[in-house]
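Scroll down for the structure; my scribbles are underneath it.
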Amino acid sequence: MKTLAFLIILLCTLSFNALSQNVTEIPLPEEFVTTMDVASEYPMVRTGYLTDSISDITRFYQQKLGEPLKTNGNNTYRTLFYNYQEHKVRISLYRRSYVTEVSIMVE
C-alpha cells in the first residue's frame, strides 16, 4: 500500500513539474538579456531587455505565438495578450534610451 501511495505522489509531482516547465517556455528572442525570473510561483514573471524595436519584438511574438488576443499601446509602450498552454500571458514592452524592456507574465 505504501508503494502504491508513493507511486501516485511521484506521478503527480512529475506531471506538475512537466506542466510548470512547459508554461515557462514562452519563446524569447535570441538577444534577450534576463534581469529577473520568477518561475516557482504564479504569476510567473520574466523580465529583461533587448536592443530591438517594439515593432520587431511584436513581430517576433506574432511569428512564435500567433496574433495576440488583444494589443494596447504604441511605439513607446505596448502590451500583447495571449493564451498559451491554457494560461493567460501578458507581454509588456517599453522603449527607453536604446533598449526595449520586456516583461512576460504568465497567470
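Here are some notes:
- Rough spin-label spacing in nm, given labels placed 7 Å along Cα→Cβ, for Thr34 and Asp56: 2.2 nm
- Full extension of the chain between Glu41 and Tyr98 yields a length gain of 17.4 nm, computed as 0.36 nm times the residue separation minus the alpha carbon distance.
- Label point distance in nm, Glu67-Glu107, each placed 7 Å from Cα along Cα→Cβ: 2.3 nm
Throughout, read-outs are computed from the coordinates displayed, never taken from laboratory work. The structure displayed is predicted, hence computed values, not measured ones. Here the Cβ is made from the backbone with ideal geometry for all residues, glycine too, and neighbour counts use every protein chain on show.
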